[in-house]
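Please read the structure below before turning to the comments.
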Amino acid sequence: MSENHMMDPVTALENVLQRIDRAAAEARRQTADVTLVAVSKTYEAAHILPILGAGQRVFGENRVQEAKAKWPELKRQFPDIVLHLIGPLQSNKAGEAVALFDCIETIDRPKIAVAVAAEMAKQGRKLELFVQINTGEEPQKAGIAPKDAPAFVAYCRDELKLAIAGLMCIPPAEDMPAPHFALLAKMAGELGLSKLSMGMSADFECAVSLGATHVRVGSAIFGVRQ
Ligand SMILES: *Cc1c(COP(=O)(O)O)cnc(C)c1O
């Protein structure tokens, strides 16, 4: 919605929350069952503080280094912040990621699952974890192929004793998102997973209508990134 570009971020946040509310009501779902993950990547603390002031507490970042530069101080000021990693994780950053984030949405290969499991044990921290599914089977995109998801989730659960909360996807930019969201919801149902992270600024209402429990919205709140 281009109108958001003209809004200050707090008004834009309220607008997004209202749209989530409406989409949930239309789908006969509870608004409380949909968590807005405000994606603050590329925006500095000065831009994030007003959004915190408006009561938003769940945020998403896609890079560990960038998040490390701004979130420790913000977390000191607002201890109830919940920080989601929504970008690919390298295994050599697993320690830093487990220390800083509360949720990792991008568990996308055995090596990362092993590294995160080891770090959670070592640090005595329990993060919420999502498996990223490459619903469009795009070669350049991270994520587990849909056909490999059952074995991967079973491996995390049985071999690594990792609790997987749900699934996450980023549909191909050129596709209609609805079939991807529907596929993710169907897969989560079959795997007995209750959480679904899907939907961004352009399509979060569609995602809510198809069962998203987490929508990741950046530019519709903070404005278009440079
Ligand atoms: C940047 C990003 C978003 C937010 O995208 P917008 O279109 O700005 O809402 C959501 N999910 C992921 C994984 C991202 O990297």
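The values are calculated or read from the model by the stated rules, or taken from the named source; none is laboratory data. Predicted, not measured: the structure shown is a model, and the values here were computed from it. Methodologically, a virtual Cβ is constructed for each residue, glycine included, from the backbone with ideal geometry; neighbour enumeration extends over all protein chains shown. Ligands, DNA and RNA are excluded from the accessible area calculation, which covers all protein heavy atoms including side chains. Shrake-Rupley method; radii C 1.70, N 1.55, O 1.52, S 1.80 Å.
Brief remarks on what is shown
- In the chain, taking the dipole from charged Cβ atoms about the Cα centre, the farthest positive-side position among 82, 182, 23 is held by 82.
- Based on the Kirkwood approach, the hydrodynamic radius assigned to the chain is 17.7 Å, with every pair of different Cα atoms included.
- Each Lys or Arg adds one and each Asp or Glu takes one away; over the other residues whose Cβ falls under 15 Å from the Cβ of residue 50, this sums to -1.
- By the rule of a C-alpha distance below 20 Å, with chain neighbours fewer than 8 residues away ignored, the aspartates and glutamates paired with residue 161 are 102, 105, 108, 119, 128, 148, 190.
- Take the Cα of residue 10, go 7 Å toward its beta carbon, and the backbone nitrogen atoms of segment 24-46 under 16 Å from that spot belong to 46.
- Measuring between alpha carbons in the structure, the pairs from 93/147; 111/186; 41/68; 126/186; 68/195 lying more than 18 angstrom apart are 93/147; 111/186; 126/186; 68/195.
- Within a Gaussian network of the chain (alpha carbon springs, distance under 10 Å), most fluctuating of 192, 95, 87: 192
- Counting 0.36 nm for each residue step from residue 154 to residue 194 and taking away their Cα separation leaves a gain of 12.9 nm.
- Set of aspartates and glutamates with alpha-carbon distance to residue 70 below 14 Å, sequence-local pairs under 8 removed: 44, 61, 96
- Accessible surface of segment 58-135 [probe 1.4 Å, protein heavy atoms]: carbon and sulfur percent: 53 percent
- Inter-site label distance for residue 121 and residue 92 at 7 Å from Cα along Cβ, in nm: 2.3 nm
- If you take the Cα centroid of segment 140-176 and the Cα centroid of segment 179-214, the two points sit 13 Å apart.
- Separation of the residue 137 and residue 73 label points, Cα + 7 Å toward Cβ, nm: 4.7 nm
- Under the convention that each Lys and Arg Cβ holds +1 and each Asp and Glu Cβ holds -1, the size of the dipole of the chain around its Cα centre is about 600 debye.
- Å² per residue, accessible surface of segment 60-160 at 1.4 Å: 46 Å²
- Using only side-chain charges placed at the Cβ, +1 for Lys and Arg and -1 for Asp and Glu, the dipole size of segment 135-221 relative to its Cα centre rounds to 300 debye.
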